[in-house]
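The structure appears below as structure tokens.
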Amino acid sequence: MDVNAGKLDKRVEIVRISNAADADGYTTPTETVIRRPWAQFSRTSGTEMQSQGADMGSVQARFLVRSGRVAISRKDRVRYNGADYEILYVNDYGDSGEYTELMCRLLTAGG
């Protein structure tokens, strides 16, 4: 599976969310950007559904990034173009181990 590196033209952030106790002892989520790779972005599907009278949409996307020293897990998030994506699946793309494919679902649009 050949990858055209020129198509890795979208800057994304891989965000790791961890919980830490604050000064008052309350648990608060903390975001840490663990990587800022270039990625190939493509929408894989979009569905519209109705749940209890409210319109809801589900957008899924695929990000292809170069593999790095810091492993990406399903607990991480992808931030792209002001939106956060939940990682549904992490796949080593091809046999070379050079690229990682991230199948994601849109969580928030526009921050």
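The values are calculated or read from the model by the stated rules, or taken from the named source; none is laboratory data. Everything numeric in this text was worked out from a predicted model, so none of it was measured. Here the Cβ is made from the backbone with ideal geometry for all residues, glycine too, and neighbour counts use every protein chain on show. Just so you know, the surface numbers come from the protein's heavy atoms only, side chains and all, with ligands and any DNA or RNA stripped out. Shrake-Rupley method; radii C 1.70, N 1.55, O 1.52, S 1.80 Å.
Looking at this structure, is residue 86 within 24 Å of residue 19 (Cβ to Cβ), open to solvent by less than 50 Å² (accessible area, probe 1.4 Å) and either modelled with pLDDT under 90 or in contact with a Leu (Cβ under 6 Å, 6 or more places away or on another chain) (or both)? In short, yes. Residue 18 fulfils the conditions (1) modelled with pLDDT of 85 or more; (2) surrounded by 12 or more Cβ atoms within 10 Å (Cβ to Cβ) except for a single criterion, (2).
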